[in-house]
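Scroll down for the structure; my scribbles are underneath it.
The values are calculated or read from the model by the stated rules, or taken from the named source; none is laboratory data. Since the structure is predicted, the reported quantities are computational estimates derived from the model, not experimental observations. So basically every Cβ, Gly included, is an ideal-geometry build from the backbone, and we count neighbours across all protein chains shown.
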């Protein structure tokens, strides 16, 4: 190749460069617009991450650390409260059994007398029974400790006690099992 062929190529190259320059400028403008949009999007995302007034990550970390400490303290307080509530619930009535009966064994007068057993989680509580007659009503209470009484229980009182124990057993089953037994 001679020098003359390069000079004709150079003359034509100026033409091609002049023709491509507007397209190159348009491409550069498009790339700068895309870069600007990405920058603004990134800045907005960083702004959302920053929690403080100044918008710094150091302040955000200190805020999150403080919140975490507060949540840990709240968790400890909540655990203490739940232990207290659990202790209170252990003494609450968990099993109830009721039996209505006629103490005279006849069809006259109906089942106006009843026995009620009230038990806590430890199967301790009381059996209350009433004997109803036309001229008087008797009310009796017998303590229950761990599912038994030191006093002799009547048949109706024993039946009420067993119903209370059964209601406690049903209460401890998962909901799906309790609905199957109903």
(Q) Tell me which strands (runs of 3 or more DSSP E) are completely within region 80-182 and hold 1 or more residues being loosely packed, with under 10 Cβ neighbours inside 10 Å, modelled with pLDDT of 90 or more and in contact with a strand residue (DSSP E or B) (Cβ under 8 Å, 6 or more places away or on another chain), or say none if there are none. (A) 137-144
Q. Is it the case that region 64-79 has a residue that's modelled with pLDDT under 90 and not assigned by TED's automatic domain parsing to the domain that holds residue 165?
A. yes
